[in-house]
Amino acid sequence: MKKYCLLMLILGWCLHSPVAAAYECYQASPTSESLEDEYRNNDKSLRVDKNAEELQFLKKLKGKWKGTGEEISCKGSDANPEKLHKNMNVEADVEESSIVLFKARLEKEFPAERISRSDTLGLINTESLYALSVNGRHIEANQREYASNGPDAGVRYLEYMISIDAPSDDEIHVEWSLFTNGVYVFTQKLNLTRD
């Protein structure tokens, strides 16, 4: 039991949905502000039992999905940031993964820009998870990790605020926001139904 610390942690964090909050470009991460010097301490990640009963509904989401989504990104200088919104049509293939609790291969079409893009989405990484709350078929999570900028280019510290809601086995709502080096830069929202 000690080996797996699961769910319902950081009650104050869970009571207000940080993902649903409308962040301003380059706003400081609420987690960064509350943890201060401990923010980048990666020694305190959670141990999660992927086979816990509360998480079993995620396995039922495997398969083909389609729907709509939105990407919100920040561009420009700190003094004059611009928030860009892009609507998209999405096809998704949700798969099992040994590391993340929710993995999907996405085909995204942006009608206004007349472009398409493929992505792989890996959310709730069991190796870099710092908060996890499960309430029925709704999950909120906080994931933090270092990422390389490339050879000799340093590293970035990434934080993901994640919300996954699956009212049924045929409907998923996913929203995740990204903070880079402690400031808000991106959000992706997906509203999917089984294909």
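Of everything listed in (1) within 30 Å of ASN41 (Cβ to Cβ); (2) surrounded by fewer than 20 Cβ atoms within 10 Å (Cβ to Cβ); (3) in contact (Cβ under 8 Å) with a residue 12 or more places away in the chain; (4) hydroxyl-bearing (Ser, Thr, Tyr), the single unmet condition for TYR130 is (2). With ASN80, ASN89 as the choices, which residue is open to solvent by 60 Å² or more (accessible area, probe 1.4 Å), free of Cβ contacts under 8 Å to residues at least 60 places away in the same chain and closer than 13 Å to LEU192 by Cα? Testing whether each residue is open to solvent by 60 Å² or more (accessible area, probe 1.4 Å), free of Cβ contacts under 8 Å to residues at least 60 places away in the same chain and closer than 13 Å to LEU192 by Cα leaves just ASN89.
Look at (1) surrounded by fewer than 21 Cβ atoms within 10 Å (Cβ to Cβ); (2) in contact (Cβ under 8 Å) with a residue 60 or more places away in the chain and you find that ALA147 fails only one, number (2).
Any idea which of SER177, SER163 is small (Gly, Ala, Ser), part of a strand (DSSP E or B) and buried (at least 21 other Cβ atoms within 10 Å of the Cβ)? Let's see the steps before the verdict.
Details: SER163 fails: buried (at least 21 other Cβ atoms within 10 Å of the Cβ).
On inspection, the qualifying residue turns out to be SER177.
Within the stretch 98-109, one or more residues are open to solvent by 40 Å² or more (accessible area, probe 1.4 Å), closer than 28 Å to ARG137 by Cβ and of a type in the set (A, V, I, L, M).
Among the candidates ASP152, ASP169, ASP119, single out the residue that is over 17 Å from the mean Cα position of the chain (by Cα), open to solvent by less than 70 Å² (accessible area, probe 1.4 Å) and among the charged types (D, E, K, R). Walk me through it before giving the result.
On the way: ASP152 fails: open to solvent by less than 70 Å² (accessible area, probe 1.4 Å); ASP119 fails: over 17 Å from the mean Cα position of the chain (by Cα).
After ruling out the rest, the residue left standing is ASP169.
The values are calculated or read from the model by the stated rules, or taken from the named source; none is laboratory data. Because the structure is a prediction, the values reported are computed rather than measured. As a convention, Cβ positions derive from the backbone with ideal geometry for all residues, glycine included, and neighbour counts pool all protein chains shown. These accessible areas exclude ligands, DNA and RNA; they are computed on the full protein's heavy atoms, side chains included. Shrake-Rupley method; radii C 1.70, N 1.55, O 1.52, S 1.80 Å.
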